[in-house]
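Throughout, read-outs are computed from the coordinates displayed, never taken from laboratory work. The shown structure was predicted, so the numbers you read here are calculated from the model rather than taken from an experiment. Here Cβ is always computed from backbone atoms with ideal geometry, including for glycine, and neighbour counts include all displayed protein chains.
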Amino acid sequence: MFQLSDYDYGLPGEKIAQAPCNNRSESRLLHLDRNSDVISHYRFKDIAGLLNKDDLLVINNTKVIPARLPGKKETGGKVEIFIIDYAAGMKNLEETGFFMCDCLVRASRSPKKGALILLEYGVKARIEAVKGPVFHIKFLNGKEFSEFLKNSGRIPLPPYIKRDDSGKNRNDREDYQTVYASEEGAVAAPTAGLHFTQGLMADIEKKGIEFAKITLHVGYGTFVPVKVDDIRDHRIHSEYFSLSRKSADKINTAKRQNRRVVAVGTTSVRTLEYLSDENGMVRAGTGMCDLFIYPGYSYKCVDAMITNFHLPKSTLLMLVSAFYTRKKILEAYREAITMDYRFFSYGDAMLIE
């Protein structure tokens, strides 16, 4: 249960979705009933009929930023900067007038401290410090940085999506955002939410189901593999969260009324569980979430979850295994593979209740 190899499974490469469905809600939905151990198959648009009329759906309203910036060295060599701490950069922009934060840099030869990187529209970036694979970078022309990022940046698609991402084939700026994204700061999408359309959300609300918003800015660490044999030795990444008093009140009211809290995505799950007490009541606030959920964890707030299919040996697979059982989750994954489901960020979804 605690060995990394316990969370491995074979996945043919063609099952990894390279693009979303043309209609978000037409993606497939695998339904796992923990009480009966029954697996059923639907379309995501059917989810309103599967939810209870008094459920509360908690959604993550983070918005993916165009975090990848093409540039070149002063000597002409190609460089790509990947912003990994947007929140810190914005804080520095407010305080100093310069956007400055930790980044990753892709280049034939890593730049050294003091090196200048030439970006589009005449913007320059200077390496302020090098900390292993992480570069602390100061972007000059600071006052116009937000507009520059909007115009020059590219959406950071996950590394397992192997296709042209220049925007010629798809508009990933829209496809890789939830329809309710509003708070900029993520470098990866809360992908369970990608299946919702405005129309489907309206149908869900007509049934009497409420939505509550939280923010968790998904960080690059979500893609960092577990490298220890015993998963209990893994140190999970931290991500910025915010939960308003209004949303906290909605969640706590639902818990007091014995209504289900349904988390949309593992990011919502982590945040809710991080903020909850032993009775499942949550507290409003902001901070950094570093909760690592794996089998043996006792859920306090989340009663059901909507999630995508996750990578082998990933912390997200461990999280859903803790909600059901590792054996049952892997059985469901094997059936999904047999039934030709699409996996990972642009893939299909599961409802576990």
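Computed extension gain for I39 through N22, at 0.36 nm per residue and net of the alpha carbon distance, reaches 3.6 nm. Compared with the dominant Cα axis of the chain, that is its longest principal axis, helix 245-256 is turned about 20°. Relative to the longest principal axis of the Cα atoms of the chain, the long axis of helix 326-338 lies at roughly 80 degrees.
For the listed residue pairs K91/K246; K91/K207; K131/K327, the alpha carbons are over 29 angstrom apart in K91/K207; K131/K327. Computed from backbone phi, the HN-Hα couplings of the stretch 109-115 come to 9, 4, x, 9, 3, x, 5 Hz, rounded to whole numbers (Karplus: 6.51 cos²θ - 1.76 cosθ + 1.60, θ = phi - 60°; Gly and Pro given as x). Modelled spin-label separation between Q3 and K73, with each label point placed 7 Å from Cα along the Cα-to-Cβ direction: 4.5 nm.
Hey, what angle do you get for helix 86-96 against the long axis of the chain, alpha-carbon based, 0 to 90 degrees rounded to 10? Roughly 50 degrees, rounded to the nearest 10. Once the Cα-Cα distance is subtracted from the 0.36 nm per residue extended length, the S152 to K327 segment shows a gain of 58.5 nm. Would you give the gap between the C-alpha center of the stretch 191-224 and the C-alpha center of the stretch 275-323, rounded to a whole Å? So the separation of the two Cα centres works out to 16 Å. Under 14 Å from a label point 7 Å along Cα→Cβ of E335: give me every residue in the stretch 1-36 with its amide N that close. Counting only backbone N, you get 29-36. Peptides 283-295, 81-93 ranked from most to least packed, by the mean per-residue count of other Cβ atoms within 10 Å: 81-93, 283-295.
Would you please calculate the Kirkwood hydrodynamic radius of the stretch 68-152 over all C-alpha pairs and express it in Å, rounded to one decimal? For the stretch 68-152, the Kirkwood estimate is 12.6 Å. Note on D203 and Y297: their simple-model spin labels are 3.1 nm apart, each label 7 Å out from Cα toward Cβ. The charge dipole of the stretch 68-152, taken about its Cα centre with unit charges on the Cβ of Lys, Arg, Asp and Glu (plus for the first two, minus for the last two), comes to roughly 420 debye. Put the Cα centre of the stretch 52-107 next to the Cα centre of the stretch 252-266 and the gap is 31 Å. Taking other C-beta atoms within 10 Å as the exposure proxy, D303, D229, D54 rank D229, D54, D303 from fewest upward. Simple rule: put +1 on each Lys or Arg Cβ and -1 on each Asp or Glu Cβ in the chain, find the dipole, and look at V123, A248, A19; the Cα lying farthest toward the positive end is V123.
By the count of neighbouring beta-carbon atoms within 10 Å, fewest first, R173, R68, R256 end up ordered R256, R173, R68. Which net charge results when you count Lys and Arg as +1 and Asp and Glu as -1 among the other residues whose beta-carbon is under 13 Å from that of D348? Result for the local shell: +2. Taking a sphere under 9 Å around the Cβ of L200 and counting the other residues whose Cβ falls inside, with K and R at +1 and D and E at -1, yields a net charge of +1. Rounded to the nearest 20 debye, the dipole magnitude of the chain is 720 debye, with +1 charges on Lys and Arg beta carbons, -1 on Asp and Glu beta carbons, and the Cα centre as origin.
In deg cm²/dmol, rounded to 500, what helix-only [θ] at 222 nm does the chain give when every DSSP H run of at least 4 residues adds -39500 (n - 2.57) and the total is split over its residues? When only DSSP H runs of four or more count, the value is -6500 deg cm²/dmol. Here is the P(r) of the chain: all C-alpha pair distances, binned every 20 Å from 0, give 29, 57, 14, 0 in whole percents.
Of A125, A115, A67, the residue with the greatest mean-square motion in the GNM of the chain, using alpha carbon springs below 10 Å, is A115.
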